[in-house]
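Undergrad: One structure is given below, represented as structure tokens, and several questions about it will come after.
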């Protein structure tokens, strides 16, 4: 959503389409939702509209972002980042008790800055 807003794109659909990416893809300990959202932002600007169009620019930027994220935080996987099972009550309680939401805010801030930088400078 931050990428869309920075590029002057507004849609009520944008936050809705990303909902399932939160908590490591619906609490499955998969890819970090912030990273998934950033990939959606890159794709919003560099993605293809037709299957015959090239994916090379998009893939290059997505790969670069993933490398940057993993270099900064050690992983792009929510389960690895949080070290809890968000699909369990115990894991959710541990996440809240350790105030890990602050880490998530850091992930969002980092990927937003990196994504906008990649889109402007690459």
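We did not get these values from a lab; they are worked out from the coordinates using the rules stated. Note that the coordinates shown come from a computational prediction; the quantities given were computed from them, not determined experimentally. Note that each Cβ is placed from the backbone with ideal geometry, even for glycine, and that neighbours are counted across all protein chains shown.
Undergrad: Please specify each residue of the stretch 95-104 satisfying the condition of being part of a helix (DSSP H, G or I) and free of Cβ contacts under 8 Å to residues at least 12 places away in the same chain.
TA: 96, 97, 101, 102
Undergrad: Do we have any residue at all in the stretch 39-55 that's surrounded by fewer than 17 Cβ atoms within 10 Å (Cβ to Cβ), assigned to a loop (DSSP other than H, G, I, E, B) and under 13 Å from the mean Cα position of the chain (by Cα)?
TA: Within the stretch 39-55 (the criterion being surrounded by fewer than 17 Cβ atoms within 10 Å (Cβ to Cβ), assigned to a loop (DSSP other than H, G, I, E, B) and under 13 Å from the mean Cα position of the chain (by Cα)), the answer is no, since none of the residues qualifies.
Undergrad: What's the total number of residues in the stretch 105-122 that are crowded, with 18+ Cβ neighbours inside 10 Å and not in a helix (DSSP H, G or I)?
TA: Residues meeting the conditions: 0.
Undergrad: Right, here's the next one. Taking only the stretch 12-28 into account, find how many residues are out of contact with any helix residue (DSSP H, G or I) (no Cβ under 6 Å at 6 or more places or on another chain) and outside any helix (DSSP H, G or I). Working first, answer last.
TA: Initial filter on the stretch 12-28 (out of contact with any helix residue (DSSP H, G or I) (no Cβ under 6 Å at 6 or more places or on another chain)): 12-13, 15-17, 19, 23, 25, 27-28.
Adding the requirement that they be outside any helix (DSSP H, G or I) leaves 12, 28.
The qualifying residues number 2.
Undergrad: So is residue 86 buried (at least 18 other Cβ atoms within 10 Å of the Cβ), touching a residue at least 60 places away in the same chain (Cβ under 8 Å) and not in a helix (DSSP H, G or I) or not? Steps first, answer last, please.
TA: Details: buried (at least 18 other Cβ atoms within 10 Å of the Cβ): yes; touching a residue at least 60 places away in the same chain (Cβ under 8 Å): yes; not in a helix (DSSP H, G or I): yes.
It is true that residue 86 is buried (at least 18 other Cβ atoms within 10 Å of the Cβ), touching a residue at least 60 places away in the same chain (Cβ under 8 Å) and not in a helix (DSSP H, G or I).
Undergrad: Find all pairs meeting these conditions: Cβ atoms under 8 angstrom apart; at least six residues apart or on different chains; first residue within the stretch 21-33 and free of Cβ contacts under 8 Å to residues at least 24 places away in the same chain; second residue in a helix (DSSP H, G or I) and surrounded by fewer than 16 Cβ atoms within 10 Å (Cβ to Cβ).
TA: Within 8 Å, the pairs are 26/20.
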